[in-house]
Amino acid sequence: MQLTVNGTEHDVDVEPEMPLLWVLRDELNITGPKYGCGIAQCGACTVHIDGMAVRSCQLAVGDVAGGVITTIEGLGQPESLHAVQEAWIENQVAQCGYCQSGQIMQAASFLDFNPAPTDDDIDAAMSGNLCRCGTYPRIRAAVHAAAKKMQEV
Ligand code: FES
Ligand code: FES
């Protein structure tokens, strides 16, 4: 099966029912997306398919093989971070960090569809991405900051 991940084509020999998260982590060694709940309830495994945030723990790889898959590793590069990544660093959002790649991927996709969100918009969009460290106030501040950066570009 052919998969395009972060701009690179991969040939993977897996069953089509295998969850995308397993393929990314165990077959391709792309470990930014995390395993949290495994039942699409926490958001730790969030990646983009064709720009849309999705939960890779509950997506069969065979159903998404034709899509453009992006993980946190492909969102930006160290020398040219995505605006959301810059805002995350500037706001020192992460605590333990485990949920944060999912949070960033969710935020980046959300801002593509809502470039000038209110607090309520952000809370609604991010509420499904759980953070056991309770970084929600900093997530909200960073999403606002990223929105501003993206509008300035
Ligand atoms: S691990 Fe996928 S939503 Fe929790
Ligand atoms: S930063 Fe620890 S779970 Fe979110």
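The values are calculated or read from the model by the stated rules, or taken from the named source; none is laboratory data. Computed from a predicted model, the values in this text were never measured in an experiment. Please note: Cβ atoms are built from the backbone with ideal geometry, for glycine as well, and neighbour counts cover all protein chains shown.
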If A125 satisfies all but one of (1) in a helix (DSSP H, G or I); (2) closer than 22 Å to T4 by Cβ, what's the number of the condition it fails?
(2)
Which number in (1) within 13 Å of ligand 1 (Cβ to nearest atom); (2) in contact with a strand residue (DSSP E or B) (Cβ under 8 Å, 6 or more places away or on another chain) marks the one condition that L3 misses?
(1)
Please verify whether region 128-140 includes one or more residues that are at pLDDT 95 or above, hydroxyl-bearing (S, T, Y) and within 16 Å of ligand 1 (Cβ to nearest atom).
no
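Return yes when V47 is modelled with pLDDT of 95 or more, touching a Lys or Arg at 6+ places or on another chain (Cβ under 6 Å) and under 21 Å from M150 (Cβ atoms) and no when it is not. Before you say what the answer is, go through the steps one by one.
Numbers: modelled with pLDDT of 95 or more: yes; touching a Lys or Arg at 6+ places or on another chain (Cβ under 6 Å): no; under 21 Å from M150 (Cβ atoms): yes.
Considered against the rule, which asks whether it is modelled with pLDDT of 95 or more, touching a Lys or Arg at 6+ places or on another chain (Cβ under 6 Å) and under 21 Å from M150 (Cβ atoms), V47 comes out as no.
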Please name all residue pairs, on different chains or six or more residues apart, with Cβ atoms under 7 Å, provided the first residue is in region 31-53 and is within 16 Å of ligand 2 (Cβ to nearest atom) and the second residue is aliphatic (A, V, I, L, M) and part of a loop (DSSP other than H, G, I, E, B).
K34/A44; Y35/A44; G36/A44; C42/L130; G43/L130
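Using the structure shown, decide if Q103 is more than 15 Å from ligand 1 (Cβ to nearest atom), in contact (Cβ under 8 Å) with a residue 12 or more places away in the chain and either surrounded by 18 or more Cβ atoms within 10 Å (Cβ to Cβ) or over 22 Å from L3 (Cα atoms) (or both). Before you say what the answer is, go through the steps one by one.
Details: more than 15 Å from ligand 1 (Cβ to nearest atom): no; in contact (Cβ under 8 Å) with a residue 12 or more places away in the chain: yes; either surrounded by 18 or more Cβ atoms within 10 Å (Cβ to Cβ) or over 22 Å from L3 (Cα atoms) (or both): yes.
When the stated conditions are applied, Q103 does not pass them.
Using the structure shown, decide if S80 is polar (S, T, N, Q) and surrounded by 14 or more Cβ atoms within 10 Å (Cβ to Cβ). Show your work before the answer.
Working: polar (S, T, N, Q): yes; surrounded by 14 or more Cβ atoms within 10 Å (Cβ to Cβ): no.
Judged against the criteria, S80 is not a match.
Taking into account only those residues within region 29-66 that are among the β-branched types (V, I, T) and more than 9 Å from ligand 1 (Cβ to nearest atom), which is surrounded by the fewest Cβ atoms within 10 Å (Cβ to Cβ)? First the steps, then the outcome.
Of all residues in region 29-66, those among the β-branched types (V, I, T) come to 30-31, 39, 46-47, 49, 54, 61, 64.
Going one step further and asking which of them are more than 9 Å from ligand 1 (Cβ to nearest atom), we end up with 30-31, 47, 49, 54, 61, 64.
Numbers: I30: 21, T31: 14, V47: 30, I49: 18, V54: 21, V61: 23, V64: 18.
By that ranking, first place goes to T31.
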